[in-house]
Amino acid sequence: MAKTKFVSPQQYAANLGAVIQATEDAGNKVAPFFEKLDDAIKADKVAEMPKAEFQEIAMEFDEAVAVYKDASAKINAIAAPVRLMGVHQSMKKTFGEYADATEMMAKSLDVENQTINMDDFKQSETDQDTLMEKFLVEVRRIMNTVM
């Protein structure tokens, strides 16, 4: 029977940090597209946007979702030190739900008809804010324990 290899808290923190950095980079990349779409929503001008611009926003949202889903898989695969297992399990769940919420937002965009399912869009926005706040609290707990 193969022995399970335990990672040091420092290795765990480094692995987690790399995943968090990738998600932060994706968030920074998609933010201007979200802001552009949000401005159009607030001005009630989504239907008047150039079709190519709306398509580009939808594509950027889809790319961000792919990064978040990949990050969720990587977080699930990271081996946590024994003393961090509880908070790690909670963090995995929270980030998985966050990735799902971003997917809900991306799917709320109907590129063909250049419309947005506003109920899903707003619910996703609320869920993302709540889940990211919870995720960051969990990450802080982990990093404070590791350091």
Whole-percent carbon and sulfur share, accessible surface of the chain, 1.4 Å: 55
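Taking 0.36 nm per residue of sequence separation and subtracting the Cα-Cα distance, how much length would be gained by fully extending the chain between Ala79 and Glu125, in nm to one decimal?
Once the chain is fully extended between Ala79 and Glu125, it gains 13.5 nm.
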Taking Cα pairs closer than 8 Å and at least 6 residues apart, the relative contact order of the chain in percent is 29
Counting only helical runs of four or more DSSP H residues, what would the 222 nm mean residue ellipticity of the chain come to if each run contributes -39,500 (n - 2.57) and the total is spread over all its residues? -28000 deg cm²/dmol
The value for the chain (convex hull of the alpha-carbon atoms, volume per residue, Å³) is 115
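Which length gain, in nm to one decimal place, applies between Ala66 and Ser8 when the Cα-Cα distance is subtracted from 0.36 nm times their residue separation? Can you show the working numbers first?
Numbers: separation 58, 0.36 × 58 = 20.88 nm, distance 2.89 nm.
Contour length minus Cα-Cα distance gives 18.0 nm.
Quote to one decimal, in nm, the extra length available between Met147 and Glu24 on full extension: 0.36 nm per residue of separation minus the C-alpha distance between them. Write down the numbers at each step before the final one.
Working: separation 123, 0.36 × 123 = 44.28 nm, distance 2.14 nm.
Result for the pair: 42.1 nm of gain on full extension.
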Let me confirm the definition first: pairs of Lys residues in the stretch 32-137, 8 or more apart or on different chains, C-alpha distance under 13 Å. How many are there? 9
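Provide the net charge surrounding Thr145, with neighbours chosen by a C-beta distance below 15 Å and charges set as Lys +1, Arg +1, Asp -1, Glu -1. Numbers along the way, then the final one.
Numbers: positive: Arg83, Arg140, Arg141; negative: Glu138.
With Lys, Arg at +1 and Asp, Glu at -1, the neighbours total +2.
The values are calculated or read from the model by the stated rules, or taken from the named source; none is laboratory data. These numbers were taken from a predicted model, which means no experiment stands behind them. Backbone-built Cβ (ideal geometry, glycine too); neighbour counts: all protein chains shown. SASA here: full protein model, heavy atoms, side chains in, ligands and nucleic acids out. Shrake-Rupley method; radii C 1.70, N 1.55, O 1.52, S 1.80 Å.
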